[in-house]
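A.B. asks: Dumping the structure here so I can ask a few things about it.
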Amino acid sequence: MGAKKIVDEDEVLQWFREGKTYDFMIDYYKKHYNETTTKAMWSTFRRRKKLPRRNVRNADLIPWKVEEQHRYDYPVMMLRAEGRRLAGEKLTPADEKRLASWKADLKAQDLVVHYDPETKDGWFLIPRSEGDHELIHPPEKATGRKPVD
């Protein structure tokens, strides 16, 4: 990362404390400093400053390498929310309500999440079977990334 691109490190550290998005940082630097930055640059800055991760990865809940076209589908968004909840992060009241409702529906219908990256839809709710976890039907072999700092 080009350290010269960081105009005011204290300002950037404050943004991280406030939870500003990388998109905000990119736009701000372009508009105010005429500097082109990238998400990778901001992520590298975060890691070098030993700041906490911006997102929670839970390989037990999402053990798959999720294809780009499936990354923002409802089941995986709910699994991410559950991962944040389990990690002790505060969810918005709307996310708490949505997650609780989704989990209750799965339980009431005895369903779990299954992911098949080879299909157009990717995500499926299937009947629970032996060996399933609380929310997912785990793959035979995990293909997702392990969390790293």
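A.B. asks: Please compute the length gained on full extension between residue 105 and residue 9, using 0.36 nm multiplied by the number of residues separating them and subtracting their Cα-Cα distance.
C.D. replies: Contour length minus Cα-Cα distance gives 30.0 nm.
A.B. asks: What angle, in degrees between 0 and 90 and rounded to the nearest 10, separates the Cα long axis of helix 74-86 from the longest principal axis of the Cα atoms of the chain?
C.D. replies: Approximately 70 degrees, to the nearest ten.
A.B. asks: A further question on this structure: Could you work out the Rg to Rh ratio of the chain, with Rh taken as the Kirkwood radius (inverse of the mean 1/r over all Cα pairs)?
C.D. replies: That ratio is 1.05, to two decimals.
A.B. asks: Once you place label points 7 Å from the Cα toward the Cβ at residue 48 and residue 68, how far apart are they in nm?
C.D. replies: Using points 7 Å along Cα→Cβ, the separation is 2.8 nm.
A.B. asks: For a quick check, take a GNM of the chain with Cα springs below 10 Å and name the residue from 126, 136, 26 with the largest mean-square fluctuation.
C.D. replies: 26
A.B. asks: Output the relative contact order of the chain, whole-number percent, from Cα pairs under 8 angstrom with separation of 6+ residues.
C.D. replies: Relative contact order of the chain: 22 percent.
A.B. asks: For helix 39-48, what angle does its Cα long axis make with the longest principal axis of the chain, in degrees from 0 to 90 and rounded to 10?
C.D. replies: 80
A.B. asks: Non-local amide H neighbours of residue 112 (under 5 Å, H modeled in plane, Pro and chain starts lacking H): which ones?
C.D. replies: Placed amide hydrogens put 126, 128 under 5 Å from residue 112.
A.B. asks: Considering the options 44, 142, 114, tell which one lies farthest towards the positive end of the dipole of the chain, charges being +1 on Lys and Arg and -1 on Asp and Glu at the Cβ, about the Cα centre.
C.D. replies: Towards the positive end, the residue furthest out is 44.
A.B. asks: Another question, if that's okay. By how many degrees, 0 to 90 and rounded to 10, does the Cα axis of helix 9-18 deviate from the longest principal axis of the chain?
C.D. replies: The two axes meet at around 30 degrees.
A.B. asks: Same structure again: Are any of the pairs 103/141; 65/97; 20/50; 30/90 more than 21 Å apart by Cα-Cα distance, and if so, which?
C.D. replies: Check vs 21 Å cut-off fails for 103/141; 65/97; 30/90.
A.B. asks: Taking only protein heavy atoms and a 1.4 Å probe, what accessible area per residue, in Å², does the chain have with all protein chains in place?
C.D. replies: 68
A.B. asks: Now a separate question. For the chain, give the magnitude of the charge dipole about the Cα centre (Cβ charges: +1 Lys/Arg, -1 Asp/Glu; no others), in debye to the nearest 20.
C.D. replies: That gives the chain a dipole magnitude of about 760 debye.
The values are calculated or read from the model by the stated rules, or taken from the named source; none is laboratory data. Everything numeric in this text was worked out from a predicted model, so none of it was measured. Every residue, glycine as well, gets a Cβ built from its backbone with ideal geometry; the counts of neighbours run over all protein chains shown. Keep in mind that these areas ignore ligands, DNA and RNA; they rest on the heavy atoms of the full protein, side chains included. Shrake-Rupley method; radii C 1.70, N 1.55, O 1.52, S 1.80 Å.
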